[in-house]
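Here, each number is a calculation from the coordinates, and none is a lab measurement. Predicted model only: the values in this text are computed from it and were never measured. Positions of Cβ are generated from backbone atoms using ideal geometry, with glycine treated the same way; all protein chains shown enter the neighbour counts.
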Amino acid sequence: MHRFEPFIDETSRKLIMDGVDLHNVAKTGLSAWYPVNFALRGERGDVLGGLLANLWGNWLHVTHLWVSEAARRWTRNISNERGGSLRA
């Protein structure tokens, strides 16, 4: 009988991810992928946010996106100075 496991070990997680990757490469013939990672840094070099992603098959797969509260406040202040718009 099959069972559903809500918490899996690293070996199972890797098997699942590799299975998806191998299936996608077999179906598309596209094997090249590239990491895409950006950090938003403040004036003192502190990390205020960032994006972690992969580019594969002309698709950007974002795995993590984070913006600190300080960066969100900064953005809101700019928006308010411009009358509620972030457009230049």
Checklist outcome for this item: Computed about the Cα centre, the charge dipole of segment 34-88 from +1 Lys/Arg and -1 Asp/Glu charges at the Cβ has a magnitude in debye, to the nearest 20, of 160
Checklist entry - At q = 0.18 Å⁻¹, what base-10 log of I(q)/I(0) does the Debye formula yield for the chain when every alpha carbon is treated as an equal point scatterer in vacuo? => result -0.94
Item to check | Selection from 71, 39, 15 lying farthest towards where the dipole of the chain points positive, charges on Cβ | outcome: 71
Checklist outcome for this item: Summing -39500 (n - 2.57) over every DSSP H run of at least 4 residues in the chain and dividing by its residue count gives a helix-only mean residue ellipticity at 222 nm, to the nearest 500 deg cm²/dmol, of -12000 deg cm²/dmol
